[in-house]
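Each value in this text was obtained by applying a stated rule to the coordinates, not by laboratory testing. Quantities reported herein were computed from a predicted structural model and do not represent experimental measurements. Cβ placement follows ideal geometry from the backbone for every residue including glycine, while neighbour counts extend to all protein chains displayed.
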C-alpha cells in the first residue's frame, strides 16, 4: 500500500466552490440559506445512492427509506460543516460534499444489510470455487491442476486471510458487511484480502501455474 | 478458457502500487472530477486507479460519486434549487435535523 499524493492535480478553486465555503462558515449572512441549499442537494444524492444500492436494502421502502436518506444527508452535512477547512479545492466543492453523502449511505446500507442478514457460517467457511472456475470434464489437465493448487493454497492462508478471502472473493459477501461482522473496518479487511490474494498468486506461480494478469492476457 | 483465466486473475488481483482504501477516500472527489472533465484520472492518481480495480467497496463508492457528481454537480451554483425528490419525500422543511 502507498500514500497517494495529489501532486499532479492542479487546484481548482472555482468561484462557486469559494462561495460555498464562505457562506457555510458560521456568522456569514447567508449561512442558514447555504446550509439549507446544501442539505437539499445532499438529500438528493442520498436518495439516488440509496436507490442505486437498493438490492442490499431488502424490503426497505417508504418512510424507512426516506428516514435513511434523511439520516445520511444530516450526518453528511454535519461532517462537511465540521471539516470545511479540509476542503483543498482539488475538486468542485459539491463533488467533495457529495462524497460525504455517498460514504454515509455506503456505511448505513452496510449496517442495515448486516443487521438484516449477517453473513452465514457457510459464507465465511465454504471454499467452493465460483462456477466460472469449477473444474469441468473438458478442461485441460493443466487447468484442473491449477485449480486444485488454488484450493490447496487457500488452506495455507492464515485463519483471518482465509475467512476474508472465502467470504469476499468466493461468496460475494460485501466488504463492509464483513467488516461489521468481524468488528473491523474496510481498510483492514482489504489489507487481509490483498495479502491473501498475493499469497495465493504466489503459491500458484511456485507450483508452475502462474496466473497471467489481465493486461498480459489481452496482449 | 480465456474467460476462466480472466476470472482467476480478477479473483486474485493484488497489484503493486495499490493506494489502499484510506488514501483513495481522501482524493476520490478529485479523481471523479478529473474523469468528468475527460482528463486522465488514472495518470494523476495511479495508486487509486489500481485500488479501484481491486476493492469492491471503494469501487461502489466511486461509482456512486461519479453518478452523483455527473447528475447533480451543476446544481451546486443554483440559488433557486428545485428539489423534486425532496418534495416527493414530503420534506417541506429543508433544514437538517440535529
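Let me know the whole percent of all Cα-Cα pairs from chain A that are separated by more than 24 Å. Percent of Cα pairs beyond 24 Å in chain A: 60.
Stokes-Einstein, applied to the Kirkwood radius of the stretch A:10-116 over Cα pairs at a viscosity of 0.692 mPa s and 37 °C, places its translational diffusion at 227 µm² s⁻¹. Counting Cα-Cα pairs of the stretch A:121-213 in 10 Å increments starting at 0 gives whole-percent bin shares of 17, 47, 29, 7, 0.
As a length-normalised measure over Cα pairs under 8 Å and 6 or more apart, the relative contact order of chain A settles at 18 percent.
Ranked for footprinting exposure by Cβ neighbours inside 10 Å, fewest first, A:95, B:22, B:48 give B:22, A:95, B:48.
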